[in-house]
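Read through the structure below, which is laid out as structure tokens, and then see the notes.
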Amino acid sequence: MSERFLFTPGPVRISPDILALGAQQPPYFRNQAFSEVVLECESGLLELAGAPAGSRVIFLAGSGTAAMEACVINLLGEHNRALVVNGGGFGQRFVDICVTHRQPHHSLRVQLDNLARMSTRVQPESCDTLLINAHETTTGLLYDLDAVGDFVGHHNMLNIVDGISMFISDPLDMCAQDIDALIISSHKGLALPPGLCMVLLGPRALERIVRPAFYYQDFHSYLDNGTRGQTPFTPPITIVLQLQLRLRQLLGGGIAAEQQRLADVASHFRDAIASLPLACFSPSMPNAMTALTPTNDLSAERIVRDMESRYNMVLAPNGGDLRHRVFRVAHMGNVTIEYTDHLIEALFDYYSERS
Ligand SMILES: *Cc1c(COP(=O)(O)O)cnc(C)c1O
């Protein structure tokens, strides 16, 4: 089969050296050697996220949603009330998790609204905790984390941010943006295989931890074991080793340089396709991804199908109401301008055949 080009917002294109680690025998992990790997990953992640002193990392087996749910059950009790910024499928997921766990919450419906003026317009609805997806991946909208930080500061709320689809690709700073808990996962900007998700907990979040009625996801046991670089249960060992290598690369080369590289890839793509009957869907796009909407009568779903079957270009369709109107092109991971040029060429060929 000829090469399949991957432009989905998870999994993303992984670099060859990380892939090669995945072919090795996973080592035994209840020993000092592996503890050192975990501790190095913890400090590397905290550094990349600009976490305040005293912050800790929870390493959980599972996709990103496991970490979203773990935050709701560990950081919110029956006396807390969550304000959920619900701007699409992932905001709705936080709402669904709250509903499942009978967690008091208020769903704030927003539409392609970057919340820049949030502090003045939105009321906290007697909530003491904010749940927000920094990048609402279903619409390609990047919220303004500075404005969100001002808002939670003003109302003295705990700020729980799902940064899954913008961590690494786009700037974020837990200290400067008043983020108390940051949710990330392996297979988006970190460009590793899926299966490891993490929660970075700042001091205020560490103080907030309740006694969840859950065994596997109880943060207490992760924090206790984590002090010596261990996890209570078997971690996705191989992904942790891949994370160690990836963090070394990012810290060595500088995160700002990587973000600039991805910003260049994203703007190269957006500029190149400007003459096609496609418009950017979101008014505030991350480096991570471009959400596009057809400006002619071609359905988004059809474009995604045709690009894969005719050109081996794997793009991300949307579900629900946006199925016909929106599709997505991710720029995360080991994606270069040259790699993206194959997609640009394919899109021009596709549209030239149709005119
Ligand atoms: C991908 C993603 C998740 C996690 O989804 P999984 O299917 O559990 O990996 C959570 N939030 C956002 C914003 C995402 O893009």
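The values are calculated or read from the model by the stated rules, or taken from the named source; none is laboratory data. Source: prediction; values computed, not measured. Positions of Cβ are backbone-derived with ideal geometry, glycine not excepted, and every protein chain shown enters the neighbour counts.
Within the stretch 287-300, at least one residue is in contact with a Ser or Thr (Cβ under 8 Å, 6 or more places away or on another chain) and not small (Gly, Ala, Ser). The set of residues from the stretch 119-160 being of a type in the set (A, V, I, L, M), in a loop (DSSP other than H, G, I, E, B) and away from the ligand (no atom under 15 Å from the Cβ) comprises 122, 157. Criterion first (farther than 30 Å from residue 16 by Cβ, among the basic types (Lys, Arg) and modelled with pLDDT under 95) does residue 211 satisfy it? Spelling it out, residue 211 is indeed farther than 30 Å from residue 16 by Cβ, among the basic types (Lys, Arg) and modelled with pLDDT under 95.
Please verify whether residue 213 is in a strand (DSSP E or B) and over 18 Å from residue 163 (Cβ atoms), treating the condition exactly as stated. No, not satisfied.
Could you check the stretch 256-277 and list, in sequence order, the residues that are surrounded by 16 or more Cβ atoms within 10 Å (Cβ to Cβ) and among the polar types (S, T, N, Q)? Of everything in the stretch 256-277, just one residue is surrounded by 16 or more Cβ atoms within 10 Å (Cβ to Cβ) and among the polar types (S, T, N, Q), namely 259.
Restricting attention to the stretch 92-122 and to residues that are touching an Asp or Glu at 6+ places or on another chain (Cβ under 6 Å) and at pLDDT 95 or above, the residue that is surrounded by the fewest Cβ atoms within 10 Å (Cβ to Cβ) turns out to be 106.
Looking only at residues of the stretch 161-196 that are part of a strand (DSSP E or B) and under 9 Å from the mean Cα position of the chain (by Cα), we find that the one that is surrounded by the most Cβ atoms within 10 Å (Cβ to Cβ) is 162. If you go through the stretch 325-346 and keep only what is over 24 Å from the mean Cα position of the chain (by Cα) and either more than 11 Å from residue 269 (Cα to Cα) or not aliphatic (A, V, I, L, M) (or both), you end up with 338, 341, 342, 345, 346. Tallying residues that are under 21 Å from residue 239 (Cα atoms) and charged (D, E, K, R) within the stretch 1-20 yields 2.
So that you can scan it fast, the table gives a plain yes or no per residue for (1) within 16 Å of the ligand (Cβ to nearest atom); (2) of a type in the set (D, E, K, R); (3) in contact with a helix residue (DSSP H, G or I) (Cβ under 6 Å, 6 or more places away or on another chain):
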residue	(1), (2), (3)
55	no, no, yes
60	yes, no, yes
63	yes, no, no
71	yes, no, no
74	no, no, yes
81	no, yes, no
87	yes, no, no
93	yes, yes, no
110	yes, no, no
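Summed over the stretch 187-205, residues that are out of contact with any Gly (no Cβ under 6 Å at 6 or more places or on another chain) and within 14 Å of the ligand (Cβ to nearest atom) total 9. Taking the stretch 204-228 as the range and being touching a strand residue (DSSP E or B) at 6+ places or on another chain (Cβ under 9 Å) and in contact (Cβ under 8 Å) with a residue 12 or more places away in the chain as the test, the residues that pass are 204, 205, 206, 208, 209, 216, 217, 219, 222, 223, 226. Residues being of a type in the set (S, T, N, Q) and within 23 Å of the chain's Cα centre (by Cα): count how many of those fall in the stretch 197-253. Qualifying residue count, the stretch 197-253: 6.
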